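These notes are about the structure you will find just below.
The values are calculated or read from the model by the stated rules, or taken from the named source; none is laboratory data. This is a predicted model, so every value here is computed, not measured. Cβ sites come from the backbone with ideal geometry, for glycine too, and all protein chains shown count toward neighbours.
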């Protein structure tokens, strides 16, 4: 079994890292480049940086934030937010990103997934799926969680894997920022239909929550955001808990 990854996530708006609950009531959490470097020092396996207002505002991602962050890192950087075409993905990679995420534009034009995968390899194309629970299923959200497409998350995951997505970045809208733990049921169901690694996101409140999403949710990686920004714990403490619980991780 490959090591489980702990990925630090930076949601960026107007040049600052922000964090809210269910994508709302955003609080300023600091400078993204400084935080990325700190989390790398703590033992993060990767960094994800998302320009969360780009899709809502109909613009491409701000490359200066990617460049500033990439210059400080020696671990993989995934960047996204506002990627509307292959040229936007190319610009992010040229700015220093190792992978790009697509969400809203991929829902509107699924062929974008194949275009990125065919040009740069599927390992470079990460599909971000924001999921909102509806009874016993989940719908896909776009535009920073503001629009419910009505699409079924599991069906969209299956299709995206066929099109060439290399990873699924799965965020539970209902758990985002709540510190109540990952939605392990959502993660497990998506992992069962996905043929590529699934990254769990949304709800981490303590190190034990990471153990749960790996053991019960079958995730391949898990995102940490608010739990780090608010200094509830460090990545080292998360990895120590995982090691104690018998889950293999890379050393810090």
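For the stretch 75-86, what are the residues that are within 15 Å of residue 112 (Cα to Cα), in a loop (DSSP other than H, G, I, E, B) and free of Cβ contacts under 8 Å to residues at least 60 places away in the same chain? The answer is 82, 83, 84, 85. Scanning the stretch 129-179 for residues that are in contact (Cβ under 8 Å) with a residue 60 or more places away in the chain and over 16 Å from residue 203 (Cβ atoms) turns up 142, 143, 144, 146, 166, 167. Of all residues in the stretch 48-71, which are modelled with pLDDT of 90 or more, outside any helix (DSSP H, G or I) and surrounded by fewer than 17 Cβ atoms within 10 Å (Cβ to Cβ)? Hit for the stretch 48-71 is 71, nothing else. Is it true that some residue in the stretch 202-213 is touching a helix residue (DSSP H, G or I) at 6+ places or on another chain (Cβ under 8 Å) and within 23 Å of residue 162 (Cβ to Cβ)? Among the residues of the stretch 202-213, not one is touching a helix residue (DSSP H, G or I) at 6+ places or on another chain (Cβ under 8 Å) and within 23 Å of residue 162 (Cβ to Cβ), which makes the answer no. For the stretch 162-192, a residue qualifies if it is more than 22 Å from residue 116 (Cα to Cα), out of contact with any strand residue (DSSP E or B) (no Cβ under 7 Å at 6 or more places or on another chain) and not in a loop (DSSP other than H, G, I, E, B), and the qualifying residues are 184, 185, 188, 189, 192. Filtering the stretch 120-145 down to residues that are farther than 22 Å from residue 88 by Cα and either in a strand (DSSP E or B) or in contact with a helix residue (DSSP H, G or I) (Cβ under 8 Å, 6 or more places away or on another chain) (or both), which residue is modelled with the lowest pLDDT? If we take residues in the stretch 120-145 being farther than 22 Å from residue 88 by Cα and either in a strand (DSSP E or B) or in contact with a helix residue (DSSP H, G or I) (Cβ under 8 Å, 6 or more places away or on another chain) (or both), then 134 is modelled with the lowest pLDDT. Any residue in the stretch 171-179 that is surrounded by 23 or more Cβ atoms within 10 Å (Cβ to Cβ), in contact with a helix residue (DSSP H, G or I) (Cβ under 6 Å, 6 or more places away or on another chain), more than 19 Å from residue 124 (Cα to Cα) and at pLDDT 95 or above? Yes, the stretch 171-179 contains a residue that is surrounded by 23 or more Cβ atoms within 10 Å (Cβ to Cβ), in contact with a helix residue (DSSP H, G or I) (Cβ under 6 Å, 6 or more places away or on another chain), more than 19 Å from residue 124 (Cα to Cα) and at pLDDT 95 or above. Annotation note: of 97, 89, the sole residue that is modelled with pLDDT of 95 or more, assigned to a loop (DSSP other than H, G, I, E, B) and either closer than 23 Å to residue 145 by Cβ or out of contact with any helix residue (DSSP H, G or I) (no Cβ under 7 Å at 6 or more places or on another chain) (or both) is 97.
Per this entry, residue 242 is not counted among residues that are over 24 Å from residue 77 (Cβ atoms), in contact with a strand residue (DSSP E or B) (Cβ under 7 Å, 6 or more places away or on another chain), in a helix (DSSP H, G or I) and in contact (Cβ under 8 Å) with a residue 40 or more places away in the chain. So, residue 108, is that one without any contact (Cβ under 8 Å) to a residue 40 or more places away in the chain and closer than 24 Å to residue 192 by Cα or not? In short, no. Within the stretch 2-22, residues that are modelled with pLDDT of 75 or more sit with their Cβ atoms under 8 Å from residues that are in a strand (DSSP E or B) and surrounded by fewer than 16 Cβ atoms within 10 Å (Cβ to Cβ), at 6+ positions apart or across chains, in these pairs: 16/28; 16/30; 17/28; 17/30; 18/27; 18/28.
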